[in-house]
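Scroll down for the structure; my scribbles are underneath it.
The values are calculated or read from the model by the stated rules, or taken from the named source; none is laboratory data. All figures in this text were calculated on a predicted structure; none of them were measured in a lab. Positions of Cβ are generated from backbone atoms using ideal geometry, with glycine treated the same way; all protein chains shown enter the neighbour counts. Protein only, heavy atoms only, side chains kept; ligands, DNA and RNA dropped before computing areas. Shrake-Rupley method; radii C 1.70, N 1.55, O 1.52, S 1.80 Å.
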Amino acid sequence: MDAAGLLASAAINLGLALVALSLFSLLKKQPGNAPVYQPRRMAARDRSGDLLPLGHGRVTPSFRWIGAAFQLSEDDVLRRHGLDALVVIRLFKFGIKCFSVCSIVGVLILAPTNYTSEGRADIRRSNSMELFTVTNVTRGSNRLWVHFSSLCFISFYVVYLLHKEYKEIIRRRIEHLKYHKKRPDQYTILVRGIPKCPDHGTYGCYVDHFFSKHYQTYQAYQIVHDIGNIEALQKLASSIEKQIKRKRETRKCNFWQWIWFKFTTEAINIRRQEEKLKDIQQSIRLLQCENMLKHKEVPVAFVSFKSRLDAAQAAEMQQLTNPLSLVTTYAPEPTETIWKNLSVPFWRMSMYRLGVFVAAFFLTVFFTIPVTAVQGIVQFEKIKRWFPPARAVQLIPGLNSVVTGYLPSMILNVLIYLVPFAMLGSLLDQIGESFTHPKNIPSRLASAVSAQSDFFITYILTNGMSGFSLEVLQFGLLTWQFLKVHSIGRGDEPYLHGFPYYRVVPIVSLAILIGMVYAVVAPLLLPILLIYFLLGYAVYINQMEDVYEITYDTCGQYWPNIHHYIFLSVTLMQITMIGLFGLKSKPGASFASIPLLVLNILYNQYCKVRFLPTFIHRPVQVAKENDELDDAEGMIQGDLDNAVSAYKPPWMRPTNLETSSVQPLNL
């Protein structure tokens, strides 16, 4: 891709970002759009002023909220949204710290070194962006030692940042556990593989006898039931009640509302719906009765203690001589418990994990087909070979730059939205030959990486500027809100969703991977990545404050996964440079990079020993200190009772319906 293609991509993405951000600042000021842009505040009935101000004037765009986002302290994020949200923010901060320093090295040292090299004549004639990459450095040139020095500096700097982040997250995690010492999951464990009581033939009886005998602070248990479709019945009952309520509220309506209800709820007979609701409620009551539940027990239970120390020890220790019986783990937080999954047999979970791994592997491999095809669009010469009529594009001035500079990353973003982390397979077009010639993996990886630098520059531009801007604009929900308000006249219900960790963490980790691999190869990518992380930080601060609900908090337990992604990124960077130095006929630099790779692997092993156990286990020291604080302050029985009731399944609780109160039967 030439400079014109890169400029076209940058201009298009920058223009889209400015338009989207301006529209956001305007639309958020309109009270009617609060369900889209402030659903969290609406659900919490928070009428305080915005922490991220939008400026004065309802028709004047403003970017003040971006600057205000960087002024929000980490303590505020932790207090308002929990440690998991803070980990996401620190991930963006890691990218800012990392690529700000790397950008200085890349722009001031590596890019001039590459550009002033003699290079290949065809690159200079085409005015390609490869003039600024390591591709322009001649084979055997001593300038490659500059790249080796930069590789060492970046590797040690990233390791330093990782070490600092790991220590800080651990400190925050321990403090968070102490501060939230009365959380129900600190008193509760999850038990699987429960044998039946030989005397009474029930799982609950065995749990009660065993734990009351071996643990003095044992309090109670909650057996898990395979309740089948009771959750679906409760949702159906709630839906029918809403339909009846909406029907009663539509006595007076405008013409469009009348049309809407004529074809949706107008034809519903209220009396028939009320009878159906009563039948469903009766079915729920029958499923909730004790005699029915006894036949639905599964060998899984939540066991609560009066002491965090005993709960931690019970979760860590093997209870029976048979390690597959009475298997204990830490209980999940009540709000993140997926009840229907608890009834899955213990042995079947291993089969599911294997199936998911195999499916993910094949998905990644087959995803390389569209990825490889999209990458080819970056090089217009390939387009002309695949599709000769495309030569007509050259007749329109500037269209060639748009096609090669913006179109590939836009197409790939559509594909990658469905499979977020499958982009890791973008270099797997070399996978077949790599398996047959494993010793050539570094050189093949280096060749593939250096050939696709232009593509990933445009990808980061599109995914960063346009992607984050569309995230904050919420265009899909905004369109639906507009149609809803102007059709049925009801648009005051907030669109509240949980924070999408599953999407944000992989995409941001992928950006770090691309940045690490291309840090030395294509240094012009680094400033673009810095903008990516700066904009992403501001956007997700806004989304946490106003849009997404933090539904659960694992106390930062997924940080080791992020650390592992970054470690793999550094490892790939080093392996790529080992192969690249070999391709450039600089064996000295290639061999000198091997100890760097070894040190990186050793550091990762050190982290597994030094830091990882704190995320897998709960320190007995902290549990004991919290118990002693409770003894000094006076333990409140209500806190212990809450630990028991918190793990009562939703279908065991009274149904909260306005039409009639539904209580479980005790038969």
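Out of all the residues in segment 470-493, which are within 22 Å of Glu549 (Cβ to Cβ) and in a helix (DSSP H, G or I)? Before the answer, list the steps.
Restricting attention to segment 470-493, the residues satisfying the condition of being within 22 Å of Glu549 (Cβ to Cβ) are 470-481, 484, 490-493.
Hits for segment 470-493 are Leu470, Glu471, Val472, Leu473, Phe475, Gly476, Leu477, Leu478, Thr479, Trp480, Gln481, Lys484.
Pick out the one residue from Leu530, Leu496 that is open to solvent by 10 Å² or more (accessible area, probe 1.4 Å) and part of a helix (DSSP H, G or I). One residue alone meets the criteria, Leu530. Only residues that are over 25 Å from the mean Cα position of the chain (by Cα) and buried (at least 19 other Cβ atoms within 10 Å of the Cβ) were counted across segment 3-24, and they come to 5.
Residue-level check: of (1) in the same structural domain as Ala314 (by the TED database); (2) over 22 Å from Thr321 (Cβ atoms); (3) touching a residue at least 60 places away in the same chain (Cβ under 8 Å), His200 misses just (3).
Would a scan of segment 545-559 turn up a residue that is under 30 Å from Lys181 (Cβ atoms), assigned to a helix (DSSP H, G or I) and in contact with a Cys (Cβ under 7 Å, 6 or more places away or on another chain)? There is no residue in segment 545-559 that is under 30 Å from Lys181 (Cβ atoms), assigned to a helix (DSSP H, G or I) and in contact with a Cys (Cβ under 7 Å, 6 or more places away or on another chain).
Give the residue that is farthest from the chain's Cα centre (by Cα), with candidates limited to residues of segment 210-237 that are surrounded by 14 or more Cβ atoms within 10 Å (Cβ to Cβ) and in a helix (DSSP H, G or I). The extreme case among them is Phe210.
When Ser62 is tested against (1) modelled with pLDDT under 90; (2) assigned to a helix (DSSP H, G or I), exactly one condition is not met: (2).
Any residue at all in segment 115-125 that is modelled with pLDDT under 85, open to solvent by less than 10 Å² (accessible area, probe 1.4 Å), assigned to a helix (DSSP H, G or I) and not acidic (Asp, Glu)? Yes, segment 115-125 contains a residue that is modelled with pLDDT under 85, open to solvent by less than 10 Å² (accessible area, probe 1.4 Å), assigned to a helix (DSSP H, G or I) and not acidic (Asp, Glu). Scanning segment 589-643 for residues that are more than 29 Å from the chain's Cα centre (by Cα) and of a type in the set (Lys, Arg) returns a single hit, Lys624.
For Tyr187, state whether it is within 31 Å of the chain's Cα centre (by Cα), under 28 Å from Asp75 (Cβ atoms) and either buried (at least 22 other Cβ atoms within 10 Å of the Cβ) or not assigned by the TED database to the domain that holds Ser117 (or both).
Values: within 31 Å of the chain's Cα centre (by Cα): yes; under 28 Å from Asp75 (Cβ atoms): yes; either buried (at least 22 other Cβ atoms within 10 Å of the Cβ) or not assigned by the TED database to the domain that holds Ser117 (or both): yes.
Yes, satisfied.
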